[in-house]
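One structure is given here, and the rest of the page talks about it.
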Number of protein chains: 2
Amino acid sequence: MAEKTAGSAVRITEALRADILGGLLRPGERIRQEVLAERYGASRLPVRDALRSLEAEGLVILVPNTGAWVAKLSLDECQEVYQVRERVEPLLLRMSVPGLQQSALDRLLPLVEAMRGAAHVEEFLALDREFHMLTYSGAETTMLGELVERLWNTTQHYRRAFALLGTERTARGIHLEHELLALAILRGDVEDAGRVLLGHIRTTRLELSRHPEVFHVLDGA
Amino acid sequence: MAEKTAGSAVRITEALRADILGGLLRPGERIRQEVLAERYGASRLPVRDALRSLEAEGLVILVPNTGAWVAKLSLDECQEVYQVRERVEPLLLRMSVPGLQQSALDRLLPLVEAMRGAAHVEEFLALDREFHMLTYSGAETTMLGELVERLWNTTQHYRRAFALLGTERTARGIHLEHELLALAILRGDVEDAGRVLLGHIRTTRLELSRHPEVFHVLDGA
DNA sequence: TAAACATAGATTGGATACATTTTCAAGCCT
DNA sequence: AGGCTTGAAAATGTATCCAATCTATGTTTA
């Protein structure tokens, strides 16, 4: 009775999404409806609903009458996502900056510092996500925000793998870009902030293209 | 036996999408699962699957334990879609042009002419969609193509309403832009083609912002 | 020996039936 | 008379059961 039984499907959707994003389910891995049904203590129907939702989010691949797999991105597909991000996220940032709350502004630089001192990769990824999403929190968008979140989600595995083999130099570059971005936002300079963000995403994409082993590592698993 | 029973859910998804895009179901209208189940000669389960898929496409709004409605866009949300299109479609076009088949190139200008002679609004909309999708047919993208198609779908109603009250001058402008776009593509000038396309979408967006009655008309229905 | 076929097993898809939630309207109280 | 409460009806969410489809293994044949 402690937990509401209402909306079991959405609960499973969120749990499954978290499991995929968290790395518990790896790209290319097959998903069996019965296994999930048992794991989450429900019937196969809400599981099917969840799979359909996640398929539309790009996290799951559904083949009729055959089964479901955790979505797997090729190097080219991943680059495609980053190219779209380059064009879409500066727009979202532009919509967001004028509406940012003071409380959000106050947390920007502390988050940058926290990222510098992050111990594990997981912690860095979480802080990085929190930082960028915070910069978007001023935009009241129904569609664009969800799109950006989807783009982040679909590349989550590769961001983790990439962060793992990140060299010292690229790490310092990322921190500098984050700080530049935060300062531009604090100045309210939308143009400059957008430019820095574009460069940040582009740099990551080019860096990623020089490390195709990120994808082979995942393929082997 | 004439029709395959396999994948009833996907069949219903496509039929329902076509009904929404075709205007049979109007924005804001409530969708009852039983009604659809009876209309398409199936149980409520595949209908639910279809609704979930379409919700992720942005064509349907699902509220847990309450019901489903045909998605409705406000003026601001519609502008948002167009702003995203301005940034994303030139990218898709850039990826497409180098890979366009000769057969596709041969159909570009005839389609522009066909649009000039379109009798009904529906015919114009269909040709317009065919033309633009043809310009994207050279890109082998898994995600970006689907994204663009979704963006088109969600604004389908408003494109129709807008085309209905289109003035003579804007109509001629649109035809000129289409012809310019086709010529740039035939020249293989990716940069210019992207510029023309960006201008084309932006012009439409600004034109749309000057006709907010498009949205009131739909609200009343 | 290798390739193709057939059969058995497993898995997904759909239909019916039931529990839960929401909504709407009538009745009651203020 | 108006607003709130209560109860019934309708619609959604879930579980169980059955049918259709795909995969894999083992067998047979060229």
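Yes or no: A:ARG107 touching a residue at least 40 places away in the same chain (Cβ under 8 Å) and either part of a helix (DSSP H, G or I) or touching an Asp or Glu at 6+ places or on another chain (Cβ under 6 Å) (or both)? It is false that A:ARG107 is touching a residue at least 40 places away in the same chain (Cβ under 8 Å) and either part of a helix (DSSP H, G or I) or touching an Asp or Glu at 6+ places or on another chain (Cβ under 6 Å) (or both). Restricting attention to the stretch A:40-55, the residues that are over 18 Å from the mean Cα position of the chain (by Cα) and either open to solvent by 30 Å² or more (accessible area, probe 1.4 Å) or more than 10 Å from every other protein chain (Cβ to nearest Cβ) (or both) add up to 10. Look at A:GLU177 and say whether it is charged (D, E, K, R), more than 12 Å from the chain's Cα centre (by Cα) and under 30 Å from B:LEU59 (Cβ atoms). Against the criterion (charged (D, E, K, R), more than 12 Å from the chain's Cα centre (by Cα) and under 30 Å from B:LEU59 (Cβ atoms)), A:GLU177 does not qualify.
Might you check whether a residue that is farther than 30 Å from B:GLN79 by Cβ, of a type in the set (Lys, Arg) and surrounded by 13 or more Cβ atoms within 10 Å (Cβ to Cβ) occurs anywhere in the stretch A:56-74?
yes
For the stretch B:93-116, the criterion of being within 11 Å of another protein chain (Cβ to nearest Cβ), touching a Phe, Trp or Tyr at 6+ places or on another chain (Cβ under 6 Å), surrounded by 21 or more Cβ atoms within 10 Å (Cβ to Cβ) and under 29 Å from A:GLU55 (Cβ atoms) is met by none of the residues. Looking only at residues in the stretch B:26-60 that are among the β-branched types (Val, Ile, Thr) and touching a residue at least 24 places away in the same chain (Cβ under 8 Å), the one that is nearest to DNA strand D (Cβ to nearest atom) is B:ILE31. A:ARG32 meets the conditions (1) more than 13 Å from DNA strand C (Cβ to nearest atom); (2) over 15 Å from the mean Cα position of the chain (by Cα); (3) among the charged types (D, E, K, R) in every case but one. The failed one is (1).
Under 30 Å from B:VAL60 (Cβ atoms) and open to solvent by less than 20 Å² (accessible area, probe 1.4 Å), is that true of B:LEU147?
Answer is yes for this residue.
In the stretch B:111-124 there is no residue that is closer than 21 Å to B:GLN83 by Cβ and among the aliphatic types (A, V, I, L, M). Among residues of the stretch B:134-154 that are more than 13 Å from chain A (Cβ to nearest Cβ), those with a beta-carbon under 8 Å from a residue that is of a type in the set (Val, Ile, Thr) and crowded, with 20+ Cβ neighbours inside 10 Å at least six positions away or on a different chain give the pairs B:THR135/B:VAL97; B:THR135/B:ILE185; B:TYR136/B:VAL148; B:GLY138/B:VAL97. Report, ordered by the first and then the second residue, all pairs with beta carbons closer than 7 Å, sequence separation of six or more or different chains, a first member in the stretch A:61-89 that is within 7 Å of chain B (Cβ to nearest Cβ), and a second member that is assigned to a loop (DSSP other than H, G, I, E, B) and of a type in the set (S, T, N, Q). Between residues of the stretch A:61-89 that are within 7 Å of chain B (Cβ to nearest Cβ) and residues that are assigned to a loop (DSSP other than H, G, I, E, B) and of a type in the set (S, T, N, Q), the close pairs are A:GLU77/B:THR142; A:GLU80/B:THR141; A:VAL81/A:THR155. A single entry from A:THR141, A:THR204 fulfils the requirement of being open to solvent by less than 60 Å² (accessible area, probe 1.4 Å), modelled with pLDDT under 95 and not in a helix (DSSP H, G or I): A:THR141. Summed over the stretch A:35-69, the residues that are within 19 Å of A:ALA9 (Cβ to Cβ), aliphatic (A, V, I, L, M) and more than 7 Å from DNA strand C (Cβ to nearest atom) give a count of 11. The set of residues in the stretch A:187-198 being open to solvent by less than 50 Å² (accessible area, probe 1.4 Å) and within 23 Å of A:LEU73 (Cβ to Cβ) consists of A:LEU197 alone. The numbered conditions (1) touching a residue at least 60 places away in the same chain (Cβ under 8 Å); (2) of a type in the set (D, E, K, R); (3) closer than 30 Å to A:LEU151 by Cα are all true for B:GLU179 except (3).
The values are calculated or read from the model by the stated rules, or taken from the named source; none is laboratory data. All values derive from a computational prediction rather than experimental measurement. Every residue, glycine among them, receives a Cβ derived from its backbone with ideal geometry; neighbour counts consider all protein chains shown. With ligands, DNA and RNA removed, areas are computed over all heavy atoms of the protein, side chains included. Shrake-Rupley method; radii C 1.70, N 1.55, O 1.52, S 1.80 Å.
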